[in-house]
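Below you'll find the structure, written out as structure tokens, and then a few comments.
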Amino acid sequence: MTGAGAATRVVAGLRRRGSLLRERGDAVECPVCGHRFRRFKPDWNRADAICWRCGAHERHRAVALLWRERPELLGTATSLLHFAPEWCFRYTPRSPDLRYVTADLDPAKGDLELDVRALDLPDASFDAIVCSHVLEHVDRDRDALAELRRVVAPDGWVLLMVPQDLDRAETYEDPSITHPAERRRAFWQHDHVRLYGRDFAGRVAAAGFDVETIVMSDALGPHAAARHGLLPVDLIHLCRPIPSSP
């Protein structure tokens, strides 16, 4: 690392420590890392979004709370494949017997370099799979869903999350929209290829899953939702493979 790079990291570290001290409090609590603050850090488009310590956003905190409320999900899994792994989840308590494997198209960002549309993995090779905010970037999401169905164990589960416009009944996609600015207007982000609607669970079910849609802000109530900074639009889809017909 160059001297300039090291200096930048030192400055960033000092600023982070300053923020941790300045924002001390007990009004909010991050269930990912367990720290408490007077508020969460604002993001570019909303307040109270990000944990000052671990960087968890609302959706990450929702997943951590799901695992807390339903410990059997991680407790019974012996292997977990995590696509595009979020840095904050290194704080998640896991059994030392759990084989935790990360994957990404970028080989620098995961243990395995994998394309979710064509996974170089054996059938039923993982008990659990986490694929959060990935499918909206994938041009053939039905292929990706079929692959997730193939590599999860028959009694396993897949946790899916995507940005969803809950005012939209059907998913909107248009392959002719390729310019980043046009994609941002149509799909909310320059590198998204579609905008999912309320039909997302049905699209997943069509790939051979039984889908349970969970809204942690509703499940835990308004007090817990405010304390942990949850959003009602962050839908968790817990998907279990439907046995194939003989």
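The values are calculated or read from the model by the stated rules, or taken from the named source; none is laboratory data. Remember, predicted model here, so these are calculated numbers, not experimental data. Here the Cβ is made from the backbone with ideal geometry for all residues, glycine too, and neighbour counts use every protein chain on show.
Tally time: how many residues in the range 154-173 are under 16 Å from the mean Cα position of the chain (by Cα) and assigned to a loop (DSSP other than H, G, I, E, B)? Give the steps one after another, and end with the answer.
Filtering the range 154-173 for residues under 16 Å from the mean Cα position of the chain (by Cα) gives 157-164.
From the residues that got through so far, the ones that are assigned to a loop (DSSP other than H, G, I, E, B) too are 162-163.
Looking only at that region, the number is 2.
For the range 71-100, name all the residues that are assigned to a loop (DSSP other than H, G, I, E, B), of a type outside the set (A, V, I, L, M, F, W, C) and either within 16 Å of the chain's Cα centre (by Cα) or farther than 30 Å from Glu23 by Cβ (or both).
If we filter the range 71-100 for residues that are assigned to a loop (DSSP other than H, G, I, E, B), which is where we start, we get 71, 76-78, 84-86, 92-98.
Of the ones still in play, those that are also of a type outside the set (A, V, I, L, M, F, W, C) are 71, 76, 78, 85-86, 92-97.
Result: Thr76, Thr78, Pro85, Glu86, Thr92, Ser95, Pro96, Asp97.
Name the pairs: first residue in the range 187-209 and among the polar types (S, T, N, Q) and surrounded by fewer than 21 Cβ atoms within 10 Å (Cβ to Cβ), second residue assigned to a loop (DSSP other than H, G, I, E, B) and at pLDDT 95 or above, Cβ to Cβ under 8 Å, at least 6 apart or on different chains?
Between residues of the range 187-209 that are among the polar types (S, T, N, Q) and surrounded by fewer than 21 Cβ atoms within 10 Å (Cβ to Cβ) and residues that are assigned to a loop (DSSP other than H, G, I, E, B) and at pLDDT 95 or above, the close pairs are Gln189/Pro163.
Assess whether Val151 counts as being assigned by TED's automatic domain parsing to the domain that holds Leu65, of a type in the set (A, V, I, L, M) and over 18 Å from the mean Cα position of the chain (by Cα). Steps first, answer last, please.
Numbers: assigned by TED's automatic domain parsing to the domain that holds Leu65: yes; of a type in the set (A, V, I, L, M): yes; over 18 Å from the mean Cα position of the chain (by Cα): yes.
Yes, satisfied.
Identify, from the list Ala207, Ala181, the residue that is outside any strand (DSSP E or B), touching a Leu at 6+ places or on another chain (Cβ under 7 Å) and over 29 Å from Val32 (Cα atoms). Steps first, please.
Details: Ala181 fails: touching a Leu at 6+ places or on another chain (Cβ under 7 Å).
Of Ala207, Ala181, the one residue that is outside any strand (DSSP E or B), touching a Leu at 6+ places or on another chain (Cβ under 7 Å) and over 29 Å from Val32 (Cα atoms) is Ala207.
Tell me, yes or no, whether the range 199-222 has at least one residue that is touching a Ser or Thr at 6+ places or on another chain (Cβ under 8 Å), modelled with pLDDT of 95 or more and farther than 29 Å from Thr76 by Cβ.
Within the range 199-222, the subset touching a Ser or Thr at 6+ places or on another chain (Cβ under 8 Å) is 199-201, 203, 208.
Subset that is modelled with pLDDT of 95 or more: 199-201, 203, 208.
Adding the requirement that they be farther than 29 Å from Thr76 by Cβ leaves 199.
Yes: one or more hits.
Those residues that are among the basic types (Lys, Arg) and either in contact (Cβ under 8 Å) with a residue 24 or more places away in the chain or farther than 16 Å from Ala207 by Cα (or both), I need them from the range 112-159; list them, please.
First pass over the range 112-159, keeping only residues among the basic types (Lys, Arg): 117, 140, 142, 149-150.
Selection gives Arg117, Arg142, Arg149, Arg150.
Only one residue in His190, His223 is in a loop (DSSP other than H, G, I, E, B) and in the same structural domain as Val138 (by TED's automatic domain parsing). Which one?
Working: His223 fails: in a loop (DSSP other than H, G, I, E, B).
Of the residues listed, the single one that is in a loop (DSSP other than H, G, I, E, B) and in the same structural domain as Val138 (by TED's automatic domain parsing) is His190.
Asp115: surrounded by fewer than 21 Cβ atoms within 10 Å (Cβ to Cβ), out of contact with any strand residue (DSSP E or B) (no Cβ under 9 Å at 6 or more places or on another chain) and acidic (Asp, Glu), yes or no?
Numbers: surrounded by fewer than 21 Cβ atoms within 10 Å (Cβ to Cβ): yes; out of contact with any strand residue (DSSP E or B) (no Cβ under 9 Å at 6 or more places or on another chain): yes; acidic (Asp, Glu): yes.
So Asp115 fits the description; yes.
So is Leu231 part of a helix (DSSP H, G or I) and not β-branched (Val, Ile, Thr) or not? Spell out the reasoning first.
Details: part of a helix (DSSP H, G or I): no; not β-branched (Val, Ile, Thr): yes.
No, not satisfied.
Hey, any hits in the range 128-150 for a residue that's farther than 30 Å from Trp52 by Cβ, touching a Pro at 6+ places or on another chain (Cβ under 6 Å), surrounded by 14 or more Cβ atoms within 10 Å (Cβ to Cβ) and modelled with pLDDT of 95 or more? Before the answer, list the steps.
Filtering the range 128-150 for residues farther than 30 Å from Trp52 by Cβ gives 138-150.
Cutting the leftovers down to touching a Pro at 6+ places or on another chain (Cβ under 6 Å) gives us 149.
Now drop any that are not surrounded by 14 or more Cβ atoms within 10 Å (Cβ to Cβ), which leaves 149.
Add one more test, that the residue is modelled with pLDDT of 95 or more, and what stays is 149.
Yes, the range 128-150 has at least one match.
Of everything in the range 101-127, what is in a loop (DSSP other than H, G, I, E, B) and in contact with a Pro (Cβ under 8 Å, 6 or more places away or on another chain)? Give them in sequence order. If you could, list the steps in order and put the result at the bottom.
Of all residues in the range 101-127, those in a loop (DSSP other than H, G, I, E, B) come to 105-106, 110-111, 114, 116-117, 119-125.
The answer is Gly110, Ala124.
Do the conditions hold for Thr178, that is, is it surrounded by fewer than 20 Cβ atoms within 10 Å (Cβ to Cβ), free of Cβ contacts under 8 Å to residues at least 24 places away in the same chain and touching a Gly at 6+ places or on another chain (Cβ under 6 Å)?
Details: surrounded by fewer than 20 Cβ atoms within 10 Å (Cβ to Cβ): yes; free of Cβ contacts under 8 Å to residues at least 24 places away in the same chain: yes; touching a Gly at 6+ places or on another chain (Cβ under 6 Å): no.
Considered against the rule, which asks whether it is surrounded by fewer than 20 Cβ atoms within 10 Å (Cβ to Cβ), free of Cβ contacts under 8 Å to residues at least 24 places away in the same chain and touching a Gly at 6+ places or on another chain (Cβ under 6 Å), Thr178 comes out as no.
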